[in-house]
Amino acid sequence: MYRKLRAQYQLLIMSIPFMAVLVLFSYVPLWGWIMAFQNYSLSHGITGSPFSGFNHFADLFRDDRFYLVLRNTLVMSGMSLATDFVGAIGLALLLNEVRLRFFKRTVQTITYIPHFVSWVVMANIVLGSLSPDGGIVNEVLMRLGIVHEPIMFMSKGSWFWAIHTLAGLWKELGWSTIIYLAVIAGLNAEMYEAAEVDGAGRLQKMWHISVPGLMPTAVLLLILATGNLINTGYESQFLLGNGLNIDYSQVLDLYALDYSFSIGDYSYGVAISVFKSAVSILLVLGVNQAARRLGGFKAF
């Protein structure tokens, strides 16, 4: 062991700055979790605020609003995960079958671009397209005679989940295909040639060679994405949400921000963050165990 350390000391030295950044931004902030077990106040700080035990967690689970927000978080995360997972694999498989290189690169570029666009811009595009006042979607529906008056899309809370999922799919679909395209490109070309000699068509080669070749990577990415299932973020929901659809658009991060900055109950907001981290760890371990038992794949 010590011999390997001496032989690779240059790599160890090079890794020190990255480890320092990791510790500084990922582990040092965990000190703030103490606030979840205190009646924290700005005037007393962490060291001077009184200890309250698990009172904030008890309040959290007694709050009916918490369960509504948790439902929104899990449903929107689950819908986004499913559509992005299936859509990225499907697009990668289809692009792999395209023989015209110019068309393939054009499609890739068009689908990649939204990933680099801010959610502020994307949300404005979505809101403008769905606007009842000159929005392109309402204009098309009315010209086709499907509706006779503009639809208030963003005022219908039950539609918010679908709108948010489609907006997220539009933004991230092309970016998510990069890894899958790289995996397919790395598959043994002789398997495709042998299948073609045996009379296999494109769909058969896709199903029996490309899909099995993608599965280990796909399962690994699914496990990693599941860890963030409850960390759906807040940018898209904050920008697309409003007072009319708040019962469907508010997620845990927005709920924590409201309590922390609007009400001033910082301890309650931190308790929500601790809860999210604990659930994320359990999700990763659970999905990893299920994947290992069902398909022989595992991340660790």
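The values are calculated or read from the model by the stated rules, or taken from the named source; none is laboratory data. Computed from a predicted model, the values in this text were never measured in an experiment. In this analysis, Cβ positions are derived from the backbone assuming ideal geometry, glycine residues included, and neighbour counts consider all displayed protein chains. Remember, those area values only see protein heavy atoms, side chains included, never the ligands or the DNA or RNA. Shrake-Rupley method; radii C 1.70, N 1.55, O 1.52, S 1.80 Å.
Just a few scattered comments:
- Test: residue in region 261-277 that is open to solvent by less than 60 Å² (accessible area, probe 1.4 Å), touching a helix residue (DSSP H, G or I) at 6+ places or on another chain (Cβ under 9 Å) and under 20 Å from Trp161 (Cβ atoms): yes
- Listed conditions (1) over 26 Å from Ala82 (Cβ atoms); (2) in contact with a helix residue (DSSP H, G or I) (Cβ under 8 Å, 6 or more places away or on another chain); (3) open to solvent by less than 50 Å² (accessible area, probe 1.4 Å) are all met by Ala225, apart from (1).
- Residue list for region 242-251, filter: open to solvent by less than 10 Å² (accessible area, probe 1.4 Å) and either farther than 20 Å from Ser158 by Cβ or among the β-branched types (Val, Ile, Thr) (or both): Val251
- Filter result for the condition that a residue is hydrophobic (A, V, I, L, M, F, W, C), at pLDDT 80 or above and assigned to a loop (DSSP other than H, G, I, E, B), over Leu187, Leu214, Leu203, Leu221: Leu187
- In the set Ser131, Ser158, Ser176, only one residue is at pLDDT below 90 and buried (at least 17 other Cβ atoms within 10 Å of the Cβ); that residue is Ser176.
- Subset of region 161-173 that is of a type in the set (A, V, I, L, M, F, W, C) and open to solvent by less than 30 Å² (accessible area, probe 1.4 Å) - its residue that is nearest to Glu235 (Cα to Cα): Ala167
- Taken over region 191-200, the criterion of being open to solvent by 70 Å² or more (accessible area, probe 1.4 Å) and assigned to a helix (DSSP H, G or I) is satisfied by Met191, Glu193, Glu196, Val197.
- Complete set of residues in region 92-117 that are assigned to a helix (DSSP H, G or I) and either under 30 Å from Leu254 (Cα atoms) or open to solvent by less than 30 Å² (accessible area, probe 1.4 Å) (or both): Ala92, Leu93, Leu95, Glu97, Thr111, Tyr112, Ile113, Pro114, His115, Phe116
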